[in-house]
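The values are calculated or read from the model by the stated rules, or taken from the named source; none is laboratory data. Computed from a prediction, not measured in an experiment: that's the story for all the values here. Please note: Cβ atoms are built from the backbone with ideal geometry, for glycine as well, and neighbour counts cover all protein chains shown.
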Amino acid sequence: MPMDLTAVIGGIALVDHHVHGALRETVGRPEFEGMLTESDRPVPPWMTQMDSQLGFALRRHCAPLLGLEPSASAGDYWAARSARDPEELARLFLRASGTGHWLVETGYKGDMLLGPAGMAAAGGAEAREIVRLESLLEEVAPGATAAGLRDAFRAALRARCAEPGVAGLKSVVAYRHGFGFDPAPPSHAEVAGAAGRWLRRIAAGAAPRVTAPALLRMALWEAVETGLPLQLHAGYGDPDIELHRCDPLLLTGWLRAVEPTGTAVLLLHCYPYHRGAGYLAQAFPHVYFDAGLAINHTGARSAAVVAETLELAPFAKILYSSDAWGPPELHYLGALLWRRGMTRALTAWVEEGEWTAADAARVATMIGRDNAARVYGLDPAG
């Protein structure tokens, strides 16, 4: 009997290796629609964010879980959604995703979202934490001196890494500066000088937002020294970034410098630079990547993006993530669209005689679960 790839891929207990929590509170429709875009600006009053690839995918695939017909109207979708509380919505969509393990990044507006324990309970799965470097540095800074900031951050980072349930680290240097930074570790003088300027601004009442290249580099190199997997946002994101400075190819020198440490570097999302990320994953043994965020936002075109991730990198270097944040529909939709994209690409290659069905099933399982289990030291059963 021929292997049913749809069933095989649909049955993988996914490891979502980069995700944020689902909403823990009720939001209004304007706030909900604002969570369907990477823009941090209000949705203009003359349009709806439901009229987007993500909005159409949400109406098509999430509506049936709310008892509606596929592609129900935006108004009907909102009414059905509003009849359920956040706890019910989280259970419904998280469990329908078929995810076996969530690696939850907690560094962005975590007070609005379920933490790892909440995700595990709502999703009926396991969950571990990914610690954001810049958030930790900003927590440490107000109590530190310029000369002592590096040591204070190192101590705080090592303490967090030693906590049970912490699986890895993440940096948003792409947002704070971009990837065109000096790849070498910063000197003590560089760090102390940048720290002094930053701490003086904080003392004068500025928000403790770290943007100095020397401090961002310091945080990256301290993370590398822990040996934990290190995630880096790359490519597409909100307007706080300058997209041309987030091309992961700009990291080549730094990746080369990190290589002797053996620390795994995981490039997140990468769109529209996912093909370049595939090259880096092929070129460097410690580099991995995913298409994360782009899969939900490209909706009906997401199968093409998933297929493009399979072009160049060894299959042991590609991971699955949803990068869902907020509405639990995004956690479900990311999994559904990734499964659909993989099924379409691999089925076509099997039917063309390029791949065997057994190889297709094995590769899908590697990318959906086993690669992340290996990199993060998880139970491979999910």
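Kindly evaluate ARG201 against the criterion of being among the charged types (D, E, K, R) and not in a loop (DSSP other than H, G, I, E, B).
So ARG201 passes the test.
Which condition breaks for VAL140 when tested against (1) farther than 23 Å from LEU232 by Cβ; (2) in contact with a helix residue (DSSP H, G or I) (Cβ under 6 Å, 6 or more places away or on another chain); (3) free of Cβ contacts under 8 Å to residues at least 24 places away in the same chain?
(1)
Evaluate the range 148-156: report whether one residue or more is out of contact with any His (no Cβ under 9 Å at 6 or more places or on another chain) and under 22 Å from ALA22 (Cα atoms).
Keep residues of the range 148-156 that are out of contact with any His (no Cβ under 9 Å at 6 or more places or on another chain), which gives 148-149, 151-156.
Checking the rest, the ones that are also under 22 Å from ALA22 (Cα atoms) come to none.
Among the residues of the range 148-156, not one is out of contact with any His (no Cβ under 9 Å at 6 or more places or on another chain) and under 22 Å from ALA22 (Cα atoms), which makes the answer no.
Each row is one residue, and each column tells you yes or no for (1) at negative phi; (2) charged (D, E, K, R); (3) over 15 Å from the mean Cα position of the chain (by Cα).
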position: GLU242; (1), (2), (3): yes, yes, yes
position: HIS269; (1), (2), (3): no, no, no
position: ARG275; (1), (2), (3): yes, yes, yes
position: ALA294; (1), (2), (3): yes, no, no
position: ARG344; (1), (2), (3): yes, yes, yes
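Can you tell me how many residues in the range 44-70 are surrounded by fewer than 18 Cβ atoms within 10 Å (Cβ to Cβ) and either in the same structural domain as ALA303 (by TED's automatic domain parsing) or not polar (S, T, N, Q) (or both)?
Residues in the range 44-70 being surrounded by fewer than 18 Cβ atoms within 10 Å (Cβ to Cβ) and either in the same structural domain as ALA303 (by TED's automatic domain parsing) or not polar (S, T, N, Q) (or both): 13 in total.
Quickly run through the range 141-156 and pick out the residues that are assigned to a helix (DSSP H, G or I) and either β-branched (Val, Ile, Thr) or under 14 Å from LEU216 (Cα atoms) (or both).
ALA141, LEU149, ARG150, PHE153, ARG154 - these are the residues of the range 141-156 that are assigned to a helix (DSSP H, G or I) and either β-branched (Val, Ile, Thr) or under 14 Å from LEU216 (Cα atoms) (or both).
Scan the range 206-222 for residues that are part of a helix (DSSP H, G or I) and not charged (D, E, K, R) and report the count.
The number of residues fulfilling the criteria is 8.
Output the residue which, of all residues in the range 319-334 that are within 13 Å of the chain's Cα centre (by Cα) and hydrophobic (A, V, I, L, M, F, W, C), is nearest to ALA283 (Cα to Cα).
Taking the candidates together, the pick is LEU319.
What single numbered condition from (1) modelled with pLDDT of 95 or more; (2) of a type in the set (Ser, Thr, Tyr); (3) buried (at least 16 other Cβ atoms within 10 Å of the Cβ); (4) in contact with a Lys or Arg (Cβ under 8 Å, 6 or more places away or on another chain) fails to hold for THR99?
All conditions are met except number (4).
Show the residue pairs meeting these rules: Cβ distance below 8 Å; 6+ apart or different chains; first residue within the range 256-280 and assigned by TED's automatic domain parsing to the domain that holds GLY292 and farther than 15 Å from ASP290 by Cβ; second residue polar (S, T, N, Q) and part of a helix (DSSP H, G or I).
THR263/THR226
Condition first: in contact with a Lys or Arg (Cβ under 6 Å, 6 or more places away or on another chain), outside any helix (DSSP H, G or I) and either surrounded by 14 or more Cβ atoms within 10 Å (Cβ to Cβ) or on the phi < 0 side of the Ramachandran plot (or both). Can you find one or more residues in the range 18-32 that meet it?
No, the range 18-32 has no match at all.
Which one is surrounded by the fewest Cβ atoms within 10 Å (Cβ to Cβ), of the residues in the range 234-280 that are hydroxyl-bearing (Ser, Thr, Tyr) and farther than 16 Å from LEU220 by Cβ?
TYR279
Is it the case that LEU250 is at pLDDT 95 or above and under 15 Å from the mean Cα position of the chain (by Cα)?
It is false that LEU250 is at pLDDT 95 or above and under 15 Å from the mean Cα position of the chain (by Cα).
Determine whether GLY377 is within 23 Å of the chain's Cα centre (by Cα) and buried (at least 18 other Cβ atoms within 10 Å of the Cβ).
Details: within 23 Å of the chain's Cα centre (by Cα): yes; buried (at least 18 other Cβ atoms within 10 Å of the Cβ): no.
Answer is no for this residue.
Just the residues that are under 15 Å from the mean Cα position of the chain (by Cα) and either in contact (Cβ under 8 Å) with a residue 40 or more places away in the chain or outside the structural domain of VAL173 (by TED's automatic domain parsing) (or both), please, taken from the range 120-137.
ARG128, ILE130, ARG132, LEU133
Of everything in the range 288-340, what is of a type in the set (Asp, Glu) and buried (at least 24 other Cβ atoms within 10 Å of the Cβ)? Give them in sequence order.
ASP290, ASP323, GLU329
Can you list residue pairs whose Cβ atoms sit under 8 Å apart, with the first residue in the range 223-235 being assigned to a helix (DSSP H, G or I) and the second being of a type in the set (Asp, Glu) and buried (at least 21 other Cβ atoms within 10 Å of the Cβ)? Count only pairs 6 or more apart in sequence or on different chains.
Listed pairs, sorted by first residue: none to list.
Restricting attention to the range 153-171, does a residue exist that is at pLDDT 95 or above and more than 30 Å from ALA120 (Cα to Cα)?
No: the range 153-171 contains no residue that is at pLDDT 95 or above and more than 30 Å from ALA120 (Cα to Cα).
State yes or no: is ALA203 small (Gly, Ala, Ser), modelled with pLDDT of 95 or more and more than 21 Å from the chain's Cα centre (by Cα)?
no
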